[in-house]
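*Asks:* The structure's right below; bear with me while I get my questions together.
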Amino acid sequence: MTLCDTTTTPAPLHRLRPRVAAPGPDVVRRDDVPPWAWTGLHLDGALVHLWRDTARVTGTPEDRALRASAFAPLVPRRGVVGRLSAAWVHAGGTPPDRVTVLVRSGARRPRPHPHRVSAEADLVDEDLLTVGGVLVTTLTRTAVDVARWVHPHTAVPVLRALVTQGLDPDDARRRIEAHAPGRGLRAARVTLRLV
């Protein structure tokens, strides 16, 4: 062995080598750590608030997958994140107070939870995509639902944010025109014209 050979470390010195930490989660929930640690990690800047009792590790970019994973514990296997909650997943901005979980018409709704709202919806597979391990409505379906079910004062800025993520407003308008008559479609047409 030469003096320049660093491929082997004598056994007594091996314990002094720095250990490489295993990668931790990008999303941390309040229940994952003791209360004092939750507060301390925020004060120290190690965690950044994401949604309710969920935070992301500082330095982890906030993207669609990260936002969707914040909702994961509240979305059952048969559920889909929709409406304003899906818009937040796609475009960020101000997070919703509660996650909206859609289930197929006729399916059993999830049990009530203070951080979740559920509704039945006509869902087809083409309107769904998996983001961060959670089913979420597509950009176009999200836009149609927001235009249809959310007051225009709130919906227009959200829809404009979705346009920056690749939403084609004309495609959303065509979807509304092709939709069978139903509640909120007239308001959705007006709202999409404002976008």
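*Asks:* Here is a check on your reading of the model: is ARG111 assigned by TED's automatic domain parsing to the domain that holds PRO152 and free of Cβ contacts under 8 Å to residues at least 24 places away in the same chain? Before you say what the answer is, go through the steps one by one.
*Replies:* Details: assigned by TED's automatic domain parsing to the domain that holds PRO152: yes; free of Cβ contacts under 8 Å to residues at least 24 places away in the same chain: yes.
Against the criterion (assigned by TED's automatic domain parsing to the domain that holds PRO152 and free of Cβ contacts under 8 Å to residues at least 24 places away in the same chain), ARG111 qualifies.
*Asks:* Can you confirm whether segment 58-77 contains a residue that is at negative phi, in the same structural domain as ASP145 (by TED's automatic domain parsing), in a strand (DSSP E or B) and in contact (Cβ under 8 Å) with a residue 40 or more places away in the chain?
*Replies:* no
*Asks:* While we're on this one: Output yes when any residue across segment 55-63 is touching a helix residue (DSSP H, G or I) at 6+ places or on another chain (Cβ under 8 Å) and under 21 Å from SER118 (Cα atoms), and no when none is. It would help to see each step written out before you state the result.
*Replies:* Applying the first criterion (touching a helix residue (DSSP H, G or I) at 6+ places or on another chain (Cβ under 8 Å)) to segment 55-63 yields 55-56, 60.
Of the ones still in play, those that are also under 21 Å from SER118 (Cα atoms) are none.
For segment 55-63, residues touching a helix residue (DSSP H, G or I) at 6+ places or on another chain (Cβ under 8 Å) and under 21 Å from SER118 (Cα atoms): absent.
*Asks:* Of all the residues that make up segment 137-179, how many are among the acidic types (Asp, Glu) and part of a loop (DSSP other than H, G, I, E, B)?
*Replies:* First, pick out the residues of segment 137-179 that are among the acidic types (Asp, Glu): 145, 168, 170-171, 177.
With the extra rule that they be part of a loop (DSSP other than H, G, I, E, B), the set shrinks to 168.
Going through segment 137-179 one residue at a time, the tally reaches 1.
*Asks:* Could you go through segment 82-103 and let me know if any residue there is under 10 Å from the mean Cα position of the chain (by Cα), of a type in the set (D, E, K, R), assigned to a loop (DSSP other than H, G, I, E, B) and at pLDDT 95 or above.
*Replies:* no
*Asks:* Further question: If you go through segment 77-112, how many residues are more than 27 Å from VAL156 (Cβ to Cβ) and surrounded by fewer than 19 Cβ atoms within 10 Å (Cβ to Cβ)?
*Replies:* Looking only at that region, the number is 11.
*Asks:* Filter segment 125-180 down to the residues that are among the small types (Gly, Ala, Ser) and surrounded by fewer than 19 Cβ atoms within 10 Å (Cβ to Cβ) and list them by number. Steps first, please.
*Replies:* Start the filter on segment 125-180 by keeping residues that are among the small types (Gly, Ala, Ser), which leaves 132-133, 143, 147, 155, 161, 166, 172, 178, 180.
Within segment 125-180, GLY133, ALA161, GLY166, ALA178, ALA180 qualify.
The values are calculated or read from the model by the stated rules, or taken from the named source; none is laboratory data. Keep in mind that this is a model prediction, so the values were computed, not measured. Every residue, glycine among them, receives a Cβ derived from its backbone with ideal geometry; neighbour counts consider all protein chains shown.
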